[in-house]
Amino acid sequence: MNTDDASRTFAGRKVVVTGAAGFIGSHLCERLVQAGAHVVGIDNLSSGCLDNVSCLKDVAAFELIEHDITTPIELSGSVDHVLHLASPASPLDYALHPLATLKSGAIGTLNALELASAKRARFLLASTSEVYGDPLEHPQAEPYRGNVNPVGPRSVYDEAKRYAEALTASFRRECLADTAIVRIFNTYGPRMRPDDGRAVPAFLQQARTGRPLTVAGDGSQTRSLCYISDTVSGLLAMAASGHQGPVNIGNPEEITILQLAEEIRRLCGSSSAVEFVPLPVDDPRRRCPDIALARAVLGWAPRVGLLDGLALTLAEMDGGAR
Ligand code: UDP
């Protein structure tokens, strides 16, 4: 199924999105509404914000419920899909809120699965490349089981998502819900919080304001960055498919963090310096998705190259559309 077919699947469907006011969640809600779905967004507005869904506030097919998913979710009427994205997702956020991160991955996922089970809805778990930890295999394909430090500062996110995957697989195994798992690799684009600590919004903001670009370590660690519209297409394709996953969703265009800083500086026409700062504990050395499975079973591949995606992200920061 290609991604346009996937969008058509949602016409007239009722879709619950947890984390609807977050970076990825809000773009997902927008695309679902465009595809003709009725969307019920759930968010506790801890790392997301109302501004992210302001473009949907007068749309009849969208409602936002302010609710913390660590308490059970009660909704009347039928539901066709539950897309579960709610969680702090940047290393800065989950370091600031370690227990909330563990609870949203564990209890929040249980509650979202219970909702899907009660409504006989198809469930999609937004898992993460962080389940691979600091990977010893490169690129990372789905059968790789990862290298996570279970007691390190990132473990609150990594292990919660690994537990969420186990929970999701168990609901399927016990025939309690039709489930799907996607592992989302680094995604960027409009609506990332400039202060969320991640490399793309940090470097863009620093380059625009003439402050030094804070490159962690020697900047030789790599990431592979996927533009938001591509990630959303991948999520929709998976939700619309009959596949259980896990399936990697990411852009295999790998770049070092120092190269990323230099590209962003060039794009902004900035003369900011580069300042080398300490590497966070357990920061993965290399990360790149193997997306052969997504290509084969979903017909999905990213379309937006890094420089184009960065230019679109910068345009939003400079006052363009959100
Ligand atoms: N990073 C950096 N400077 C920053 C923010 C992040 O050098 O101001 C590095 C970070 O240490 C990591 C990479 O950029 O090696 C990607 O970090 P990000 O937080 O964007 O994503 P994640 O670590 O979750 O992949």
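The values are calculated or read from the model by the stated rules, or taken from the named source; none is laboratory data. Keep in mind it's a predicted model, so treat the numbers as computed, not measured. In this analysis, Cβ positions are derived from the backbone assuming ideal geometry, glycine residues included, and neighbour counts consider all displayed protein chains. Accessible surface areas use protein heavy atoms only, side chains included; no ligands, DNA or RNA. Shrake-Rupley method; radii C 1.70, N 1.55, O 1.52, S 1.80 Å.
Some notes on this structure:
- Count of residues meeting criterion [more than 10 Å from the ligand (Cβ to nearest atom) and closer than 19 Å to Arg285 by Cα] in the stretch 188-217: 0
- Hits in the stretch 147-171 - residues which are assigned to a loop (DSSP other than H, G, I, E, B) and either open to solvent by less than 30 Å² (accessible area, probe 1.4 Å) or of a type in the set (A, V, I, L, M) (or both): Val148, Val151, Gly152, Arg154
- Residue match in the stretch 174-183 (condition: farther than 22 Å from Asn248 by Cα and in contact with a helix residue (DSSP H, G or I) (Cβ under 6 Å, 6 or more places away or on another chain)): yes
- Residue in the stretch 279-293 that is within 20 Å of Arg211 (Cα to Cα), surrounded by 13 or more Cβ atoms within 10 Å (Cβ to Cβ) and within 11 Å of the ligand (Cβ to nearest atom) present: yes
- Residue ID - surrounded by the most Cβ atoms within 10 Å (Cβ to Cβ), chosen from residues in the stretch 172-187 that are within 11 Å of the ligand (Cβ to nearest atom) and among the hydrophobic types (A, V, I, L, M, F, W, C): Phe185
- Condition broken by Asp230, with the remaining ones in (1) acidic (Asp, Glu); (2) surrounded by fewer than 18 Cβ atoms within 10 Å (Cβ to Cβ); (3) at pLDDT 95 or above satisfied: (2)
- Any pair with Cβ under 7 angstrom, 6 or more apart, that starts in the stretch 197-213 at a residue that is on the phi > 0 side of the Ramachandran plot and ends at one that is within 8 Å of the ligand (Cβ to nearest atom): Gly197/Ser90; Gly197/Pro91; Gly197/Leu92
- First in the stretch 88-114 and among the aromatic types (Phe, Trp, Tyr), second anywhere and open to solvent by less than 40 Å² (accessible area, probe 1.4 Å), Cβ under 9 Å, 6 or more apart: Tyr94/Ser87; Tyr94/Pro88; Tyr94/Thr101; Tyr94/Arg154; Tyr94/Val156; Tyr94/Tyr157; Tyr94/Ala160
- Unique residue being in contact with a strand residue (DSSP E or B) (Cβ under 9 Å, 6 or more places away or on another chain) and within 30 Å of Leu213 (Cα to Cα) when the list is Glu254, Glu316: Glu254
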